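What follows is a single structure, written as structure tokens, with notes after it.
The values are calculated or read from the model by the stated rules, or taken from the named source; none is laboratory data. Source: prediction; values computed, not measured. Glycine also receives a Cβ, built like all others from the backbone with ideal geometry; neighbour counts cover every protein chain displayed.
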Amino acid sequence: MTAPLVAQADAKAIVPIAVLASGRGSNFDAISRAIDAGWLGAKVVAVVSDQPDAPVLDKARALGIPTSVVPAISSKEEPDRVTRRKKHDARVLEALAPANPRFLVMAGYMRVVTPVLIEAFRSERGYSRITNIHPSLLPAFPGVESYAQAYRYGTCLSGATVHLVEETVDSGPICAQESFSILGCQSEKEVEKLGLAIEHRLYPQTLAWVLAENFEVEYRHSPPALRRLCVRPN
Ligand code: GRF
């Protein structure tokens with residue numbers, strides 16, 4: 001069955017969410033504004049960062065939201081990279097426990113998450129309740145500095161993708177994508193500026209229907225290929 005992707009906000013349900021972020025926090029701001037404005041049925045119950053000086057932490061504190069810093073584990077403390085990441089995620093889970101969020105919202109979280117976190121947020125229907133926004137039209141330009149990658153490559157279009165998070169980086173089911181022309185851009189910064197303006201609308205709008213969990217994951221290929229979320233017809 002193929003259903004159109006249609007944003008459906010359930011304004012009545014207030015879903016507790018935790019934001020994971022490593023830096024500036026402009027997407028966190030956009031989400032907070034949407035909640036304040038009353039059209040995103042969510043409450044940010046915790047903000048977790050791996051960076052003690054991340055500006056997002058001050059922004060959250062200013063709003064009275066509990067914050068935690070879970071710094072990266074050193075290779076001295078744990079030499080094995082995979083184990084190190086898993087131990088880090090276990091600490092994130094501990095930090096989140098008092099807030100008991102239903103969803104994790106990754107917004108500029110510069111870490112690869114492991115099954116320790118993903119399985120803790122796995123729904124009964126099989127999808128992960130972890131979202132991310134990526135600054136490209138996935139599967140193009142995964143990884144870091146994706147707006148710059150698009151500019152350097154010389155593409156005509158860039159874009160942003162909101163997806164559910166699975167173990168393979170930047171590859172979970174796609175919730176929403178939006179493209180924009182970068183033909184007129186003269187620098188990577190210009191692409192980023194246009195992209196962020198789109199992200200700040202796209203992420204809260206998408207969360208409004210994803211958090212309501214009124215969707216099906218449409219499997220077109222076997223994992224880890226990208227899949228798309230379709231809103232379930234009522
Ligand atoms: C955004 O471009 C987001 O797509 C990417 O990292 C950036 C975070 O920006 N994952 P901010 O911290 O939300 O301002």
Q) Of all the residues that make up segment 174-189, how many are assigned to a strand (DSSP E or B) and either over 17 Å from F215 (Cα atoms) or more than 17 Å from the chain's Cα centre (by Cα) (or both)? A) 4
Q) Can you name the residue in segment 131-165 that is within 20 Å of R84 (Cβ to Cβ) and in contact with a helix residue (DSSP H, G or I) (Cβ under 8 Å, 6 or more places away or on another chain) and, of all such residues, is surrounded by the most Cβ atoms within 10 Å (Cβ to Cβ)? A) V165
Q. If you check R111, R91, R84, R102, which single one turns out to be among the basic types (K, R) and within 16 Å of the ligand (Cβ to nearest atom)?
A. R111
Q. Taking segment 130-139 as the search range and keeping residues that are touching a strand residue (DSSP E or B) at 6+ places or on another chain (Cβ under 7 Å) and in a loop (DSSP other than H, G, I, E, B), which one is nearest to the ligand (Cβ to nearest atom)?
A. P135
Q) Pairs under 7 Å by beta carbon, first residue basic (K, R) in segment 12-30, partner more than 6 Å from the ligand (Cβ to nearest atom), six or more apart or different chains? A) K12/G41; R24/P55; R24/V56
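A quick yes/no check of all residues on (1) among the aromatic types (F, W, Y); (2) within 9 Å of the ligand (Cβ to nearest atom); (3) over 16 Å from V105 (Cα atoms):
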residue: V15; (1), (2), (3): no, no, no
residue: A21; (1), (2), (3): no, yes, no
residue: W39; (1), (2), (3): yes, no, yes
residue: P55; (1), (2), (3): no, yes, yes
Q.
For a quick check of your reading of the model, give me the residue pairs whose first member lies in segment 55-81 and is modelled with pLDDT of 95 or more, whose second is hydroxyl-bearing (S, T, Y), with beta-carbon atoms closer than 7 Å and at least 6 apart or on different chains.
A. V56/S49; L57/S49; L57/T67; A60/T67; R61/T67; L63/S32; V69/S49
Q: Might you let me know whether segment 140-147 holds any residue that is more than 12 Å from the ligand (Cβ to nearest atom), in a loop (DSSP other than H, G, I, E, B), over 13 Å from S171 (Cβ atoms) and modelled with pLDDT of 95 or more?
A: no
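Sort out which residues of segment 150-173 are assigned to a strand (DSSP E or B) and either aromatic (F, W, Y) or under 17 Å from G195 (Cβ atoms) (or both), and write them in order of number.
We begin by selecting, within segment 150-173, every residue assigned to a strand (DSSP E or B); these are 157-164.
The answer is L157, S158, G159, A160, T161, V162, H163.
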